[in-house]
Amino acid sequence: MADMLKRTSPPVASRPWLAPLPAATRYSLRGGAEARAAVAAAFGVEPPTQACRAASRGARSALWLGPDEHLLIAPESDGATLATALPAALAGVPHSLVDVSHRQVAFEVRGPHAEWLLAHGCPLDLDVAAFPVGMCTRTVFVKAEVLLWRTADDRFRIETWRSFTDYVITLLAETALELPA
Amino acid sequence: MTEFRTERGGRVDRSRVLRFTFDGRAYTGFAGDTLASALLANGVQLLGRSFKYHRPRGLLAAGSEEPNALVTVIRDAARRTPNVRATTVELYDGLVAESQNRWPSLSFDLGAINNLLSPVLPAGFYNKTFMWPRSAWFALYEPRIRAAAGLGVAPTLPDPDRYAQRYAHCEVLVVGAGPAGLAAATAAAATGARVILCDEQAELGGALLAEPDTEIDGRPAGDWLAATVAALRANPRVTLLARTTAFGYFPHNNVGLVERLTDHLESPPAALPRERLWQVRAREVVLATGAIERPLPFPGNDRPGVMLAGAARTYLHRFGVRVGRRAVVVAGCDAAFQAAVELSRAGVAIAVIADVRAPGQVAGPGEQAARAAGLAVETNATVLGTRGRLRVSQVLLGRVGPDGAVTPGASHACDVVLMSGGYTPSVHLHSQSRGKLAYDDALGAFVPAAPAERTRSAGMARGVAGLAAGLDDGAAAGAAAAGAHAATHRHSSRGLDGGLAGRPGAPPQPAALVPPAKAFVDFQNDVTTRDLALARREGFESIEHIKRYTTTGMATDQGKTSGLNALAIVASESERRVPEVGLTTFRMPFTPVTFGSLAGVARGDAFDPVRRTPSHAWAAARGAVFEDVGLWKRARYFPVNGEDMHAAVNRECLAVRRGVGMFDASTLGKIEVVGKDAATFLNRLYINNWSNLGVQRSRYGILLRDDGFVYDDGVIARLAEDRFHVTTTTGGAARVFAMMEDFLQTEWTDLSVWITSTTEQWAVVAVQGPRARDVLARLVTDVDLSAAALPHMAVARGRIAGVPMLLFRVSFSGELGFEVNVPADYGAEVWAAIHEAGREFGITPYGTEAMHVLRAEKGYIIVGQDTDGTMTPDDAAVAWAIGKQKPDFVGKRSLERPTMKHPQRKQLVGLETLDPRIVLEEGAQIVATRDQRPPMKMIGHVTSSYHSAVLGRSIALGVVAGGRARSGETLYVPMPGGDIPVKVVSPVFYDREGARLNG
Amino acid sequence: MLIIDCPYCGPRPELEFAHGGQAHIARPADPSQTTDDEWTEYLYLRVNTKGVYAERWRHARGCGRFFNALRDTTTDQFLATYRSGEKPPVGSAARSAP
C-alpha cells in the first residue's frame, strides 16, 4: 500500500505563457551568518546576503527572503539526502530549518508577455532594469502573497502557498484572454 | 445630410454612416461623431431635464465637463449605463440612447411642475421644510424627493462585462495629449525615459483636434499632430493611452487612470475587458490638462441652444456640425468673438455679439477679426433674459450705463446663444495631489502654485495661453520631468487659435452677475445666482458651507463649469476678492468612474482567494455543503439521501459519539517555533507553562494580547527540546504569526528562536470516536496506538499508509481522538485511505457544523464565537490553563487590574432552555427577570446554540454577568414570541468526567 | 498608495506593508513592577501627531521585518525609515513616547 499513494498538488495547466514546475524539496532556513555558512557547505549553494537575490548551482537554489530567512529549493529526489545532511551540518548552530516542500506550488510565467501578465496583479516595477534576472522577493498578486523570482528576461518562477495557486492562475488566465491567440 | 452638417471638414468619416436611436427615434451620424455631435447634426438640442426643476436642457459643452446632457446608453438589459455625458459617447452603429429624469417624455415632463414651484424651492428648501416630524423625512419626504429629482436608473441585472486592472511604472506620466502634453511627452521621450501619455478623448490632440486652420512650425497643425503622435507611437518606451482618464492623484505620484476599451465598439470582442484601471507610479508627472470654458450667468442661460462658444467651435471644426442657424454671441472674453467669426464663415448667421466685458478692454485678435468681418457688436451689454420653450428663440439684451444702471435693449431672434466667460485652468489633479493654488488676477482664475508631489503643470493647465507658448511650456516641462535641460527648440504657430490665443479670459462685469431672474451657475444641480446670494444673506460665510447649503459644485460634474462663477458671485455678494473667498476641495474622481473598474477582477468567485484543502474534491464529489471560514471553504456537513442540515448534523454527531467520524482540520494555522529558547519564548507569550511539557507531548495553549483578553488558542506540541508545533485558529493564523514576529524582532531580541508557517505544509485529518483507534490501526503499523503508549495529548511520528505522519492524540469532540498530519500533497490520498479503512467501522465524514455541536457539548470554546475580544481567561472559563508560577506572560499584568477581576464580569456558562425543544438564537440577549419593559437590563448574551442529538435536547453557551455564581438560576431570553426561560448550568454538557477522552 | 523604503528591500509599494502603530514604545521589562497608570499608558496611550510621526511598519508581504519610519502626517511624505532598535535619525523632529 505504501507505494500506492500519489502526491497531488493543485493543478497548473500548461499554456503558452504558463508552465507547471515539478514538485520540489524546500526548506525554510532561518538564522545568521553561521547558519548560512553551514548550509553553504552541505547544500552546495551559498545563501545570498544581498537582499532579494537568488543563487543557484545546478538544480539547487537558495533565495534571500529576509535578512535571516532563506528558502532552499532542490529537486524532489534530493529530499532524503538533504533531510539528513542539512540538520547534520547545522548541528550546534543557532538556526531554524523547517521542511516546507509541500507548502508551496511552483509554476513559471514565461514568454514575451510575462511582465505584462504579472503587472495586472503585482505592484512592483517588473522592468528588467528594476527587477533583474536573479531577483526574488515575496510580494502580492492581487490579494494573494506570492514569491516572485525572475529566472530569465522572459521567465518568472512563482511560488504560492498551495491553496492560493488556483486564485493566482485563474486571474492570470483571465488577463491572458487579451493575448493574441 | 442635414442642414446642420457642413459640406466638408472635421474629423468625422463621412463615408461611414452610423445609425442610432435617441428616445426611440432613429437618426444617423458619421464615424468619429459623439452622440452629442450627431444629435446636433440632426437638429436635436433638447437632451435632458434638469435635476431639481426638470427644466429642459441642451448641450452646454463639447467635452467631459458637460453638465446637462446626461443620457443612458443601452446595449442590452444588463448593459445600461446611466448618467453618461452625450459629449463623451462615441457613436457606433446601432447605438441606443435615452434621456433621463423625465416622465412621460422629454418634451412633456410632468416633473417640470417643480420649475413653476421654483420660487418656493430655494436653496436649502428641503432641509428647511421637511425637517419635521423627523421620522417623516426618512419614510415620506426623502423617497419622494429622490424619485422626483434624479439621475439615470442603474441596471438591475449583474454586470456581464469584465474589468481589468494593471500596475504601470514610468519616469514621466503626461496627463493630457493636447499641444502642451504632446510636446511634453516628446521632450521626455527624447531622453530615453519611459513615458506614459494619456488623454480622456478618443483621439490624441486635445484642442488641436478643433484647429484646422492653425499652423505649427510652418505646417498645418493636423500634420504636426499626426507626425508627433506617430513618432511617439513608434517609440517602444512610450505608452499612448487614448480614451483614458486620469481620475485621481494619490500619494507618492500614484495616479489612477481608467481606460475605456470597448464602450465605443459596435460589437465588443469577448476577449477585451470593458475597462482597465491603471495604477501608474510615475517618478514625475506633467499635468497638461488644459482649461475649461466658463459659462456666463445671465437669466435664462440654461435654455437648450445656449452653449459655450468654444464648444460651438469644436462642433464645427472637429465634427463638421453647425450648432444652429442664427446665433447671439455673448462675449465675456475674446474667444467668443473668434467663435462668432468662424461660425459666420461657416454659414451661421450672427445676430449680434453682446460684449459683456467690463469697459476698457483691449481688443484682442478675435474682436478685431469680428469687427473686420462686419459683425454687429454691442458693447457695455448685458443679457436680461431668453425665451423659448424647448429651445432658445429670443434673447433680450440690456445696456449697462456708466452708473451701472441697466436699461432694456433690443430683442434678437436666434436658435442658439454662444457664450464665453473665459477659461479656467483644469487644476483638479494638481489640487488633488495637495498642491497649492494661486489666484491669477489677469486670468480671473486659479493656477497651480507650489506642488506637494513631484509634479508640474504645463500649458493652459497653468494659464500659459497661446499655442506656441503652450508647446514651448509643454516641451520644457517634459524635458525637466525627465531630468534633461529644457528644449532649445522654440515652436511657432500662426492663425487664430481660439481659446488657446492671447488672453484667455477676463472676469465678466459684476453688474451682470446677480440679475433678478433665474441665472444658472451650476447647471447640473440647478443652483442659481439667487441661491448663492440667498445663502450669503442667510449668513453663510465659508465657501465650504455655501457649497453644502446650495449644493453648488456637488453634482457628478463636480462644478467643472460652475466652480469659479460661484466663487465670483459669492465674492461679489460679500464684497471680497475671489481668493479671499477661498476654494473648496477638488476631489477625485475627475469624471465619474464605474464601480466595475474599481472592483476589477475582485468579483464573484474571484472576489477573494478561495482556499481549498486537499480533501476538497473528495468532499465536493460526495455532495458536501461548504461554508466560508476566512478565505477557506470548509465542508459544513455531508448530507446523504436528501437530508437537511439538521438531520445530517445529528447523524454525524451520533456517529462520532458512538462509532467514528473523520473531519478535515487542515485549515488550522500551524507555526513551527524552533530554537534553543523556543520554550522560553512560548512561556513569555502564552499563558501556559511550557517548560514542563515533555517532548512528544502537547498541551492546549491560550494566547492573550497585552490587554489581557483572549486572542487565540490551539494545541501546541513539543516535537523536540528546541522545536514546537503550534496550532492556531483557522482565522488567527496570520495575526498570531505577525504577533510572534513582532515580539521576536522588537521586544525579545535576546531569544534564539525563529518561526515558520507550516499551515499549508500539513494536511490534517481528525479521526474521532470510540472506534478511532481501530481505524488507524489498519493504516499505522509503526506507532503503538494504545492508551498506555499514546495517551491523551501525546504525539508520535510514524507512517500512515506509507506516508510520513505526525500523529497527535487530541480531541476537540470529547471522544477518543487523533489528528493525523501528513505532507499536504498526500492529504487527498490519505483522507481517502482513512475513509476506506474506516468503512467496516462505519466511519462518517463530518463537517464544521457537527464539529461545533460536539465541542459545545463539551463546553470547549471557539475563540471569536464564545469570546469577543473583551474576555479574560477567567471569563472564558479557561483560567486553569494559566501557568501560575510564571513571572510574566503577555497579558498577565492586565489581568491584575481591578476591573479584570470584578465578580460581575461576563462569564462563560452553559444555558439549558426549560423547554428542551427550543434552540436559542445565537446573539440573543439575556435578562434576569421576565416581562421587563424596554429598555431591558441586559446581563449577557447567547454565544453558541445547537440541538444536541446525543443529549436529545438543545444546549447553549453564553456569557452572563457574574454567571458562574448564578448556577441553577433561571434567566430569560426575550424574543419576539415571548421570554424564553433558561437555566444556568455548567458549560460542560456531556461526559463531565472526561472518561471518553481517555479511552 | 504610499511608497515605503524598507530598510532591507528598498522602496516598495504600501500594499506589501502592515502598519504597526506608534514607534519607540518599549514593553516594560518587568510588567509586574508597573503601576496601573504606567501599564495603562504603555498599553493604551498614543500620540496623535500632526506633523512628523515615528511609526512602525512591517514589510509583511516582503522580507517580514518590522522597522520604523518618520512620516509627516500632514503630507504623507516619509523623512526616513530605519531598522528596529535604531534611534530616529538625528535632527528629526519626531515625538516619541516616554
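Laboratory data are not the source of any read-out in this text; all were calculated from the coordinates shown. From a predicted model like this one, the values you see are computed outputs, not experimental measurements. Note: ideal-geometry Cβ built from the backbone for every residue, glycine included; neighbour counts use all protein chains shown.
Using Cα-only point scatterers and the Debye equation, what is log10 of I(q)/I(0) for region B:253-334 at each q in 0.19, 0.20, 0.27 Å⁻¹, rounded to two decimals?
Each listed q corresponds, in turn, to -0.95, -0.97, -1.29.
What FRET efficiency comes out for the pair residue B:914/residue A:91, r = Cβ-Cβ distance, R0 = 60 Å, nearest 0.05?
The value I calculate is 0.40.
Take every Cα-Cα distance within region B:1-130, group them into 5 Å bins from 0 onward, and report for each bin the whole-number percent of pairs it holds.
2, 10, 18, 20, 17, 13, 8, 6, 3, 2, 1, 0
Which whole number gives the average, over all residues in C:60-70, of C-beta atoms from other chains lying within 10 Å of the residue C-beta?
That average works out to 6.
Based on the alpha carbon coordinates of region B:510-593, what radius of gyration and maximum Cα-Cα distance (Dmax) apply, in Å?
Reported Rg and Dmax, both Å: 12.0, 39.
Cα-Cα over 24 Å: which of A:143/C:87; B:676/B:901; B:633/B:670?
A:143/C:87; B:676/B:901
Pull out the extension gain between residue B:405 and residue B:599, defined as 0.36 nm times the separation in residues minus the alpha carbon to alpha carbon distance; nm, one decimal.
Extra length from residue B:405 to residue B:599 when fully extended: 64.1 nm.
By the gyration tensor of its Cα atoms, with a ≥ b ≥ c the square roots of the eigenvalues, what is the shape of region C:1-79: rounded for a/c under 1.5, prolate for a/b over b/c, or oblate?
Taking the square roots of the gyration eigenvalues as a ≥ b ≥ c, region C:1-79 is oblate.
Once every DSSP H run of n ≥ 4 in the protein assembly as shown is given -39500 (n - 2.57) and the sum is divided by its residues, what mean residue ellipticity at 222 nm do you get, rounded to the nearest 500 deg cm²/dmol?
-5500 deg cm²/dmol
Near the amide H of residue B:169, under 5 Å away, which other amide H atoms are found, from residues 5 or more places off or on another chain, if H is placed in the peptide plane?
B:281
May I ask you to derive the FRET efficiency for residue B:975 and residue B:953 from their Cβ-Cβ distance with R0 = 25 Å, giving the value to the nearest 0.05?
Once rounded, the FRET efficiency stands at 0.85.
Please compute the modelled spin-label separation between residue B:921 and residue B:362, points set 7 Å along Cα→Cβ, answer in nm with one decimal.
About 7.8 nm, to one decimal.
Any chance you could get the radius of gyration and Dmax over the Cα atoms of region B:350-431, in Å?
Final numbers for Rg and Dmax: 15.1, 44 Å.
Can you classify region B:669-757 as rounded, prolate or oblate using the Cα gyration tensor, where a ≥ b ≥ c are the square roots of its eigenvalues, rounded means a/c under 1.5, and otherwise it's prolate if a/b beats b/c and oblate if not?
Because its axes are fairly even, with a/c under 1.5, region B:669-757 counts as rounded.
Return, ordered by residue number, the residues of region B:217-251 whose backbone nitrogen is under 17 Å from a label point located 7 Å along Cα→Cβ of residue A:127.
The answer is B:232-241, whose backbone nitrogens lie closer than 17 Å to the label point.
How big is the gap, in Å, between the Cα center of region C:1-76 and the Cα center of region B:443-468?
Region C:1-76 and region B:443-468 have Cα centres separated by 38 Å.
Counting only residues 5 or more places away or on other chains, whose amide H sits under 5 Å from the amide H of residue B:33 once H atoms are built in the peptide plane?
Result for residue B:33 returns B:13, B:91.
When you have a sec, figure out the Kirkwood radius of region B:288-402 from all distinct Cα pair distances and drop it here in Å to one decimal?
Radius from the Kirkwood sum: 14.5 Å.
Among A:73, B:113, B:882, what is the fewest-to-most ranking by other Cβ atoms within 10 Å?
Starting with the residue having the fewest Cβ neighbours, the order is B:113, B:882, A:73.
Please compute the length gained on full extension between residue B:537 and residue B:932, using 0.36 nm multiplied by the number of residues separating them and subtracting their Cα-Cα distance.
Extending this stretch completely gives an extra 136.9 nm.
Rounded to the nearest 0.05, what FRET efficiency is calculated for residue B:782 and residue B:585 with R0 set to 60 Å and r the Cβ-Cβ distance?
0.25
Shielding of B:697-707 by partners, i.e. mean partner chain Cβ atoms within 10 Å per residue?
Mean number of neighbouring Cβ atoms from other chains: 1.
Mind computing the radius of gyration and Dmax over the alpha-carbon atoms of region B:589-668? Å is fine for both.
Radius of gyration, then largest Cα-Cα span, for region B:589-668: 18.4, 66 Å.
Taking the simple approach of a point 7 Å from Cα along Cα-to-Cβ for both residue A:13 and residue B:485, what is their distance in nm?
5.8
Quick one: what do you get for chain B if you divide its Cα Rg by 2.2 N^0.38 Å?
Here the Cα radius of gyration is 1.23 times the empirical estimate.
How far apart, in nm, are the 7 Å Cα→Cβ label points at residue C:86 and residue B:799?
5.2
Can you bin every Cα-Cα distance in region B:719-772 into 10 Å intervals starting at zero and give me the percent of pairs per bin, rounded to whole numbers?
All Cα pairs, binned at 10 Å, distribute as 18, 42, 28, 9, 3 percent.
Tell me, which cysteines of the protein assembly as shown are without a disulfide-compatible partner by the Cβ under 4.7 Å rule?
Flagged as lacking a Cys partner: A:52, A:122, A:136, B:170, B:198, B:333, B:414, B:653, C:63.
Calculate, in nm to one decimal, what residue B:695 and residue B:897 gain on full extension: separation in residues at 0.36 nm each, minus their alpha carbon distance.
69.2 nm is the gain from fully extending residue B:695 to residue B:897.
Report, as a whole number in µm² per second, the diffusion coefficient that Stokes-Einstein gives for the protein assembly as shown at 20 °C and 1.002 mPa s using the Kirkwood radius over alpha carbon pairs.
61
With a ≥ b ≥ c taken as the square roots of the eigenvalues of the C-alpha gyration tensor of region A:102-181, please select rounded if a/c is under 1.5 and otherwise prolate if a/b is larger than b/c or oblate if it is not?
oblate
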